[in-house]
Amino acid sequence: MQRALQIFSLVILTVVGVLAFRLFELQVYDGGRYLKLSEENRFRVMKIPAPRGIIYDRNEIPLVENVPLFSVSIVPDSSRLPDFKALAKLLALDEAEVEGEITKKGRSPFVPIRLKQGLDFAEVARIEAHKSDFPGLFIETDIGREYPLGKVAAHLIGYLGRIPPGQSGNPEFRNLPPDAMIGQWGVEKMYDRDLRGTPGERVIEVNALGRELRLIRENQPAVGKDVHLSIDIGIQKAVEHSFGDKAGALVALNPNTGEVLALESLPSFDPNVFTQGIKPSDWKSLMDNKKKPMLNRALQSQYPPGSTFKIVTAIAALEEGVIDPSAKVTCTGGLTHGGHTFGCWKKGGHGPVDLHQAIVGSCDVYFYELGRRLGIEKLHKWAAAFGIGKETGLGLIRERQGLMPSAEWKKEKQKIPWYLGDTFISSIGQGAVTATPIQMAQMMSWVASGGKLYRPTLIKGEYEPSAVLALKPDTIRRVRAALHGVVNEGGGTGKNAFSAIVPVGGKTGTAQVVGKAHGRSGEQYLDHAWFVAFAPTDKPELAMAVFVEHGGGGGAVAAPIAKAAIEAYFGPKKRAGQPEKKPAEEKAASAEGGGIH
Amino acid sequence: MAIDRRLLKNFDWITFGAVVLLAIIGILTIASATRPAIEGAGRPDFYFKQIIWLAFSVLALLLVVAVDYIWLQRFAYIIYGLGLVLLLLVLVAGKSSLGAQRWITIGPLSFQPSEFFRLAFLAGFCSYLAGSQGRLTWPGVIGFAVVPLALIIKQPDLGTAILLLSLFVVLCLAKGLNRKLIALLVVLSLLAAPFFGHIFWEGLKEYQKNRLVAFLDPDVDPAGIGYQINQSKITIGSGAFFGKGYQQGTQGPLRFLPEKHTDFIFAVFAEEWGFAGSLVLISLYLVLFLRGVDTALKAKDEYGRLVATGITAMFFIYFSVNISMTLGMMPVVGVPLPFVSYGGTALLSNFIAAGILIGIRTRRFELFYPQIW
């Protein structure tokens, strides 16, 4: 028996030793880790969303609204597993979906799981009433975003969405609640950091049932900064209206600052669809839509600028001194070179025309001659000087570059030499020349400003000093007068842009669609219509480019849209402050237009 | 009743001091574990009830020490028989809690008969062993193992069943019963294990099955069945070396730790006093156990030796099962930590057991049976 008791003592010592070792392991070796776990047990950190900054137009009209957005979340670990059936019924969700979401593997415990968002007040009331049946269930109030303008300026304003799953580790989104809405498109994305503000934080001590016991710490959120855009929403609305169901884009700039006054791309989309998490079916229909509503045509579509490019050719010829502006070139409806006839759009020909008449009537033959005298090298130099072939750097979305061809370019790309015929069609903005609507608006703006090269900017009053393109005053005067004539003179191609409110200058353009030449018809074979414009012609405050996809002729389709946009901008100004100025301006306009009416 | 002066002179102050100290630590920890999470709310009176029970328990201990354990041996079978009757009563008229039928209510008193049955079993079985000629007979196996285990598993009370089975084996080994028989028993139980295991598993209530599953893999479902084990480990581990300080623990009052003042009291203690405090507590138990073994070695007769061994083994088994369970080394079987966990019946019966132990040591020099007065 003594031996048995000795063995018993040994057993006791061994067991106590093992327990002491295990205690050491838990408390000393792993103590820090468990201490952290016990803190996480205790505290629930809730982010208080910061009210997002408001986006205003240049007249302080708010383009977005913050609205409370209620959602319901659960912290499942502390609650043990809830009654999924009852919970699903309360939230009007599918039981399997709720169970799957809560029991999903790899969830870190104590992090709230959002079950449903965008609750209405009745749902909030019902959940609050039954909350105590589901430990860990709580209502969160977020700040949602509403876009009262709907489709108007949607590409510009953009929309909010959840942080994409792959992006949650991005340091950019650190300190944001997991379900935070961030800017995903347009200005909402571009100025997200400013608009976002800094979320506050509320640390609450909770018990195992998820009941909140006391507030440990609370940091108030810092409200996001407002963004004051240079946009005039009145123009955007008018543009949206006058485009009808046509696709295209309009960009309007202030030539004296580079401020973007309007930037519309159509068809558009309703940003409100995105703010509560877009349904896959909605996303699919947006993506599958043949009219590509998610394409920002103002920056992302490039087409031959057509005759609008003649402005560049004319300036190049005047600056390089290759023409006498009053010397006439006779247009017989075409020009034959190397056995090939380069036609003028006017089959019967314009007859003898000088520079002014060639621009007003958009005579192709005259500009072939200018191209021949300039050569592609000089033409390329001047097109590049006016920004063709280079992004404007607006930053709203990834831009297309456009293209101004050159002999080197052709040799590299097509392995064949440059022909004079290439110069002909380049000088009237056809062939390989392509530009985006914003590039054409920028070109128009730089011409209107007389060579002050302001870069486009979206923020009101925030622009950099311009680079200057030294142009002869005579060049500017002559080109402006001719563009005025396009709209205001008898044979002008842009008469449809004529406005009784403000004198408008402009130039039409038509980009030929491949396939039309082969006799096919139908909307998809209609030409693309262009119109570039500026106003008032004596002291330009606005310059713009309108592009209508498959619109047909620039003068017929694009010019009326430009007129609507110009009147939307100048109309309210006249009514508000300077009604007496109108006749004076008209007088000035007719003076410049050479009195032909 | 005259108290013999030798009782005072030879009184085992070390065992007495250890158990009283443990009980006081228990009361302090219960008070801390049950303190409200929100300041200003009332504190439940668990700790106060335990103080009252401690007072009665100390009295009971002294009373037991005063009475010679020879009486325990003389009435051993009667006491054991009464114990069996109580177990039967629980099955017939018991109150259930958490799916187990363990409580009997007499007037205002509720108590768990299995707490006292352990003592009755020790008294009876030790008497049987002391009288046996180094042989274990079938009536002995049936009467002291099969019948009580069947009654207890029926309740079901897994903790007590494990304890009784262990005590049975320990006492047989201590008695030095014929090796062949013990070997046979071990082989038989190994062979029968899968069979009984199946019956056992089927007989388990749902929560007991869950506890076993949770032990095997606590991460299976941290918010569900593995919850107790995980939270217990977090509670103990977060104490680190020096602990969070008395009444500074958070796991208990915030209700993350279930059964914080009963089965998981050690976790609360370890959270507040850290590794250093836990070592002191474990050392107190070590003193109690080694002193108990020493008492068995020095006991004046075989019955005293067997009873002292049985009581020490009982404390030791409860202690090691409870601590290993809170440390996540064993399934949760619902065994309280002796002297420390909240529970009046258990405290009283443990103090009576300690009293018997002290009595055996105190009377180790008495060569003759005392007079019957």
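Quick note: the coordinates plus some simple rules give every number you see, no bench work behind them. Note that the structure is a prediction, hence the values are computed from the model and not measured. Backbone-built Cβ (ideal geometry, glycine too); neighbour counts: all protein chains shown.
Going from the alpha-carbon gyration tensor of chain A, what semi-axes, largest first and in whole Å, does one get by taking the root of 5 times each eigenvalue? Spell out each step's value before the answer.
Details: eigenvalues 873, 137, 90 Å².
Ellipsoid half-lengths, sorted descending, are 66, 26, 21 Å.
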Between A:Val322 and B:Val92, the two model label points (7 Å from Cα along the beta-carbon direction) sit apart by a distance in nm of 12.2 nm
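Enumerate the helices in chain A for which the Kyte-Doolittle hydropathy averages 1.6 or more and the C-alpha atoms extend at least 27 Å along the helix's axis, using complete DSSP H runs.
Long hydrophobic helices here: A:2-24.
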Computed over chain A, the relative contact order (Cα-Cα under 8 Å, seq sep at least six) in percent reads 13 percent
Rounded to whole angstroms and listed largest first, the alpha-carbon spread of segment A:311-447 along its three principal axes comes to 46, 36, 27
Extension length gain for A:Asp270 and A:Lys85 (0.36 nm per residue less Cα distance), in nm, is 63.1 nm
Extend 7 Å from the Cα of A:Asp474 along its Cα-to-C-beta direction; within segment A:325-364, residues with backbone N under 17 Å of that point are A:325-328, A:354-357
For the pair A:Ile61 and A:Ala556, the simple spin-label estimate (label points 7 Å beyond Cα toward Cβ) gives in nm 3.2 nm
Output row, site B:Arg43, 7 Å Cα→C-beta label point, backbone N cut-off 14 Å, window segment B:229-264, residues B:246-249, B:253
Between A:Ala247 and residues 5 or more places away or on another chain, the pairs with built amide H atoms under 5 Å apart involve A:Glu549
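Suppose R0 equals 30 Å; then what is the FRET efficiency for A:His241 and A:Asp120 from their Cβ-Cβ distance, rounded to the nearest 0.05? Before the final figure, lay out the partial values.
Numbers: r = 32 Å, r/R0 = 1.07.
That pair, A:His241 with A:Asp120, gives E of 0.40.
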With label points set 7 Å from each Cα along the Cα-to-Cβ direction at A:Ala500 and B:Arg135, the distance between them in nm comes to 13.3 nm
